[in-house]
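Novice: Mind looking over this structure? Questions follow.
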Amino acid sequence: MSASERSLRNPFAGLPLERFGEQRERFDPGRFEGELRCLLALPDGRIRTADDRPQLTWHPPNERADRVLLGHFEGVLYAVQWDPATTPDALPPPQPPYPDLRAHAQLLDDFQAGLAAYARAMVIWHQRHRYCGVCGAPTLSQAHGHRRGCSNSACGTEHFPRVDPAIIVAISCGERLLLARQSGWPEKRYSVLAGFVEPGESLEDCVRREVLEESGVVIRQCDYHSSQPWPFPSGLMLGFTAQTDSETLVLDDELEHALWVSPEELVAAIAAGELKPPSGFSISRRLVEDWYLERCGISLSEAVKRVP
Ligand SMILES: [Zn+2]
């Protein structure tokens with residue numbers, strides 16, 4: 001399987017939206033011949049869903065709201081709009097549902113999950129870039145929300161939506177996989193290691209540094225696996241697999257516990273309720289599942305089900 005095929009399986013990835021690209025400057029939504037569907041968001045990036053079911057809801061365009069045109073698909077134009085002054089507490093009771101995407105993503109279908117992730121990242125970017133980082137003057141939304149321009153004509157800096165790359169890596173030593181947990185995580189939850197890319201690093205430099213800093217493990221080699229948009233608030237997860245020759249661990253303060261597991265030990269620990277794998281909508285789960293599938297030829301969840 002190629003990296004492009006692997007990425008398509010990751011939640012939030014592969015959103016089949018025509019994103020306008022170069023047309024953003026000239027695009028006139030009033031002349032679009034299809035339906036316009038506006039998502040409603042809060043300034044913190046949470047997206048409105050239906051009262052009674054896990055689905056996004058469409059709202060009439062509000063000319064006074066801040067808005068980003070997201071793109072179009074099958075004759076429908078999608079946008080997200082929000083009032084920057086709204087606070088959740090100010091909404092009249094009963095409070096409409098604005099669930100946290102982290103908890104809600106798995107309930108949405110793939111298209112809606114991808115759309116919500118994209119919309120969330122854009123809303124948060126706008127809210128956090130209302131002032132120019134060069135001169136401090138207010139910035140204004142331009143190009144249908146895909147750019148913010150400094151309002152100070154002497155400055156005129158253009159700001160574009162930012163994405164923060166982070167690596168996430170499944171490290172194996174022979175037939176064993178490294179799993180670790182942080183103290184703030186839900187009880188018994190384990191995952192693979194991850195960390196933000198720093199300026200002056202290649203992705204592979206970052207894999208080597210993060211793994212060494214957090215676990216003391218020296219990476220022999222690493223390979224790209226797949227990627228996943230991660231709008232919490234503006235991440236792009238870049239998945240890797242890596243190998244080491246030594247299981248010796250020296251944990252830093254970030255990790256509460258780490259362990260090496262064989263495929264059999266992993267299945268037994270999950271089946272016994274002693275270990276919870278990463279959440280199902282994260283690339284970390286996919287990395288663990290692919291590690292297992294490659295060695296055992298069946299899916300991890302199927303193997304857990306077969307434990308008597
Ligand atoms: Zn400026």
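Novice: Just for the chain, what percent of DSSP beta bridges are antiparallel, to the closest 5?
Specialist: 70
Novice: Right, here's the next one. Tally Lys and Arg at +1 and Asp and Glu at -1 over the other residues with C-beta under 15 Å from the C-beta of residue 202: what net charge comes out?
Specialist: -4
Novice: Please give the per residue accessible area of segment 115-195, computed with a probe of 1.4 Å over protein heavy atoms only, in Å².
Specialist: 43
Novice: Only sites in a loop by DSSP and with at most 13 other Cβ atoms within 10 Å count here; which chymotrypsin sites (Phe, Trp or Tyr not before Pro) in segment 55-152 make the cut?
Specialist: The qualifying sites: there are none.
Novice: A further question on this structure: Provide the percentage of antiparallel DSSP beta bridges, counting only those with both residues in segment 164-305; round to the nearest 5.
Specialist: 70
Novice: Rounded to the nearest 10 Å², what accessible area does residue 1 show when all protein chains are kept and the probe is 1.4 Å?
Specialist: 140
Novice: Follow-up question, since we're still on this one. Which whole-number percentage describes the relative contact order of segment 89-244, with Cα contacts under 8 Å and a sequence gap of 6 or more?
Specialist: 20
Novice: Quick one: Cα centre-to-centre distance for segment 1-71 and segment 130-148, in angstrom?
Specialist: 21
Novice: In the Gaussian network model of the chain, springs joining C-alpha atoms below 10 Å, which of 120, 48, 162 carries the largest mean-square fluctuation?
Specialist: So, out of 120, 48, 162, the one fluctuating most is 162.
Novice: Return the FRET efficiency for the residue pair residue 62, residue 218: r is the Cβ-Cβ distance, R0 is 41 Å, and the value is rounded to the nearest 0.05.
Specialist: The formula returns an efficiency of 0.15 here.
Novice: Right, something else. Considering the chain as a Gaussian network with a 10 Å cut-off on Cα pairs, which listed residue, 271, 116, 170, attains the greatest mean-square fluctuation?
Specialist: 271
Novice: Now a separate question. When DSSP beta bridges are limited to those with both residues in segment 3-128, what percentage is antiparallel, rounded to the nearest 5?
Specialist: The answer is about 60 percent antiparallel.
Novice: With a 10 Å radius around each residue's Cβ, average the other Cβ atoms per peptide and rank 135-142, 286-293, highest first. Display every interim value, and only then the final one.
Specialist: Numbers: 135-142: 14.1, 286-293: 21.4.
Those peptides, ordered most packed to least, come out 286-293, 135-142.
Novice: Same structure, new question: Provide the net charge surrounding residue 34, with neighbours chosen by a C-beta distance below 15 Å and charges set as Lys +1, Arg +1, Asp -1, Glu -1.
Specialist: -3
Novice: Averaging sequence separations of C-alpha pairs under 8 Å and six or more residues apart, then dividing by the length of the chain, give the relative contact order as a whole percent.
Specialist: Dividing the mean separation by the residue count of the chain yields 17 percent.
Novice: Still on this structure, please answer the following. Is it possible to state the helix-based mean residue ellipticity at 222 nm for the chain, with each DSSP H run of 4+ residues giving -39500 (n - 2.57), the sum divided by total residues, to the nearest 500 deg cm²/dmol? What is it?
Specialist: -7000 deg cm²/dmol
Novice: Let me ask something else. What is the percent carbon and sulfur in the accessible area of segment 3-128, measuring with a 1.4 Å probe over the protein chains and ignoring ligands?
Specialist: 47
Novice: Suppose accessible area is computed on protein heavy atoms with a 1.4 Å probe; arrange 208, 148 from highest to lowest.
Specialist: 208, 148
Novice: OK, next. For the chain, list the cysteines whose Cβ sits under 4.7 Å from no other cysteine Cβ?
Specialist: Singleton cysteines: 38, 173, 206, 222, 296.
Novice: Tell me, what is the percent relative contact order of segment 1-147, built from C-alpha pairs under 8 Å that lie six or more residues apart?
Specialist: Working: 217 pairs, mean separation 43.0, N = 147.
Reported relative contact order: 29 percent.
The values are calculated or read from the model by the stated rules, or taken from the named source; none is laboratory data. It should be emphasised that the depicted structure is a prediction, and the values quoted were computed from it without experimental measurement. Methodologically, a virtual Cβ is constructed for each residue, glycine included, from the backbone with ideal geometry; neighbour enumeration extends over all protein chains shown. Accessible surface areas use protein heavy atoms only, side chains included; no ligands, DNA or RNA. Shrake-Rupley method; radii C 1.70, N 1.55, O 1.52, S 1.80 Å.
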